[in-house]
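Peer 1: Dropping the structure in here first, questions after.
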Amino acid sequence: VDSSFAATAGQFFDRTDFGGISSVLVQPDGKILFGSNEMSALGDTLQVPLVRFNPDGSVDNTFHADNDPDGIGTGIVFNSAGWPEVPALALQSDQKIIAAGVMTGVEDGTNSFTSRSIVRLLPDGSIDTSFQTAGTRQWPVGSLNYIEELAVQPDDKIILCGGFGGIF
């Protein structure tokens, strides 16, 4: 265990009875993205579906994805009962970040982008507004609408799997 990393990054997350870290992505610059499943942080003041750490374990405060105390308003949002979740992360060849899971979309305080279950972020964490998808369709029976896993092919096409009835 890298005790210096654990002393910083490890102190960010709260103990949770619901979930934990469900995806990890290391960017070429050494920054580390953690996607979570119903995880809270900093004294239960943040619902943290996606956070980025610097290589030394400190929180990358330039990455906008989680700035709101309840997970609604900025960052990845889920405007329904429950929490936003990011169990799937991938990087495209141009370093754009694909985040998928249980979400309504992503907001940065200025822009709001609705894309059910999947969003694309630029390497700095800002919204990639050129990613033109309305996301997944709800499953006809049982109201399922989430992405569990994803993969990026060498041609940057995205393969998705989960509980959804199609793509808008």
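The values are calculated or read from the model by the stated rules, or taken from the named source; none is laboratory data. Since this is a predicted model, take the numbers as computed values, not measurements. So basically every Cβ, Gly included, is an ideal-geometry build from the backbone, and we count neighbours across all protein chains shown. Remember, those area values only see protein heavy atoms, side chains included, never the ligands or the DNA or RNA. Shrake-Rupley method; radii C 1.70, N 1.55, O 1.52, S 1.80 Å.
Peer 1: May I ask you to list the residues in the stretch 122-153 that are open to solvent by 80 Å² or more (accessible area, probe 1.4 Å), in contact (Cβ under 8 Å) with a residue 24 or more places away in the chain and not acidic (Asp, Glu)?
Peer 2: Hits for the stretch 122-153 are Arg137, Gln138, Trp139, Pro140.
Peer 1: Just one of Gly105, Gly109 is within 15 Å of the chain's Cα centre (by Cα) and modelled with pLDDT under 85; which is it?
Peer 2: After ruling out the rest, the residue left standing is Gly105.
Peer 1: For the stretch 128-139, state whether one or more residues are closer than 17 Å to Val24 by Cα, within 17 Å of the chain's Cα centre (by Cα), at pLDDT 80 or above and not polar (S, T, N, Q).
Peer 2: Looking for residues that are closer than 17 Å to Val24 by Cα, within 17 Å of the chain's Cα centre (by Cα), at pLDDT 80 or above and not polar (S, T, N, Q), one finds none in the stretch 128-139, hence no.
Peer 1: Mind listing whichever residues of the stretch 103-119 are within 16 Å of Asn145 (Cβ to Cβ) and assigned to a loop (DSSP other than H, G, I, E, B)?
Peer 2: Met103, Thr104, Ser115, Ser117
Peer 1: Just one of the numbered conditions (1) of a type in the set (A, V, I, L, M, F, W, C); (2) touching a Gly at 6+ places or on another chain (Cβ under 7 Å); (3) open to solvent by 10 Å² or more (accessible area, probe 1.4 Å) is not true of Ala99; which one?
Peer 2: Here Ala99 clears every test but (3).
Peer 1: Here is a further query. If you go through the stretch 8-45 one residue at a time, how many are over 26 Å from Pro123 (Cβ atoms) and either modelled with pLDDT of 75 or more or basic (Lys, Arg) (or both)?
Peer 2: Result for the stretch 8-45: 1.
Peer 1: Continuing with the same structure: I want to confirm something. Restricting to the stretch 75-89 and keeping residues that are of a type in the set (A, V, I, L, M) and open to solvent by 10 Å² or more (accessible area, probe 1.4 Å), which single residue is modelled with the highest pLDDT?
Peer 2: Filtering first and then ranking leaves Leu89.
Peer 1: May I pose another question? Residue check, Val119 against (1) modelled with pLDDT of 85 or more; (2) more than 14 Å from Ile167 (Cα to Cα); (3) open to solvent by less than 30 Å² (accessible area, probe 1.4 Å), all met but one. Which one?
Peer 2: Exception for Val119: condition (2).
Peer 1: Additional query: Determine which member of the set Asn54, Asn67 is over 23 Å from Glu149 (Cα atoms), modelled with pLDDT of 85 or more and polar (S, T, N, Q).
Peer 2: Sole residue among the options that is over 23 Å from Glu149 (Cα atoms), modelled with pLDDT of 85 or more and polar (S, T, N, Q): Asn54.
Peer 1: Here's a follow-up. Give the stretch 89-101 a look and list any residue that's more than 14 Å from Asn145 (Cα to Cα) and aliphatic (A, V, I, L, M), or say none.
Peer 2: Result: Leu89, Ala90, Leu91, Ile97, Ile98, Ala99.
Peer 1: Right, something else. Pairs, please: C-beta under 9 Å, at least 6 apart or cross-chain, first residue closer than 19 Å to Pro123 by Cβ and in the stretch 90-110, second of a type in the set (Val, Ile, Thr) and not in a strand (DSSP E or B)?
Peer 2: As it stands, the answer is Glu107/Ile72, since those pairs meet every condition given.
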